[in-house]
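The values are calculated or read from the model by the stated rules, or taken from the named source; none is laboratory data. Everything quoted here is computed from the prediction, not taken from an experiment. Please note: Cβ atoms are built from the backbone with ideal geometry, for glycine as well, and neighbour counts cover all protein chains shown. SASA here: full protein model, heavy atoms, side chains in, ligands and nucleic acids out. Shrake-Rupley method; radii C 1.70, N 1.55, O 1.52, S 1.80 Å.
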Amino acid sequence: MSHVADRVPSVAELAAELLGRIGDECSPAERSVLESLASGHHSHVHTGLDTPSFGERLADRVARVGGSWGFIISFTLVLLGWMLLNTDVLNHWGLVFDPYPFIFLNLMLSTLAAIQAPIIMMSQNRQSHKDRQDASVDFETNIRAELSIAQLHQKVDLLLDKADVEPDGRRG
């Protein structure tokens, strides 16, 4: 059985035929897909994400815990307990270590916020980077599917022309 196409078209020809543009007007993702089609290699797309470092995993964990209802509720209970101890309970024995207006508690909360905020931002930046990579992979996959469908249409058209068959199935 003979092949429909005798030669593999170049990237420029594929860009013109399938996308209706010259090769220089293609995005990097489109160009990558066209190059793989022109070379005949239909490799699977992968994200290329590296294994996260210890710091990145820690930042993700801090963001996951710090943004949960469990953390908010338990932290609220600790704060209320701290205030209760330093007003009523420990005052009875004269052992109050952070009397009202709770200056030490305010210092600890400010320190926690100063440390926690950039750690959560690191996690968000990493997630944003992963989302951009995933979107790029999705875009490339969509282009690959679109170009493959266009190639199939061309092959079917060539076969129909060879068989001299009209698009509605009647012989011409």
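Quick notes on this one:
- Candidates per chymotrypsin sites (Phe, Trp or Tyr not before Pro) in region 64-150, loop by DSSP, up to 14 other Cβ within 10 Å: Trp93, Phe97
- Measuring r between the beta carbons of Asn142 and Met83 and using R0 = 45 Å, the FRET efficiency lands at 0.20.
- Percent of Cα-Cα distances greater than 14 Å, calculated over region 52-113: 67
- Note on Met122: accessible area approximately 110 square angstrom, rounded to 10, probe 1.4 Å, nucleic acids and ligands left out.
- Take every pair of alpha-carbon atoms less than 8 Å apart whose residues are at least six positions apart; their mean separation over the length of region 83-172 yields a relative contact order of 10 percent.
- Cβ-derived FRET efficiency at R0 41 Å, Arg132 paired with Leu109, nearest 0.05: 0.75
- For region 23-135, the direction-averaged projected area of the alpha-carbon convex hull comes to 11.3 nm².
- Restriction of the trypsin sites (Lys or Arg not before Pro) in region 75-172 to DSSP coil positions whose beta-carbon has at most 16 other beta-carbons within 10 angstrom yields Arg170.
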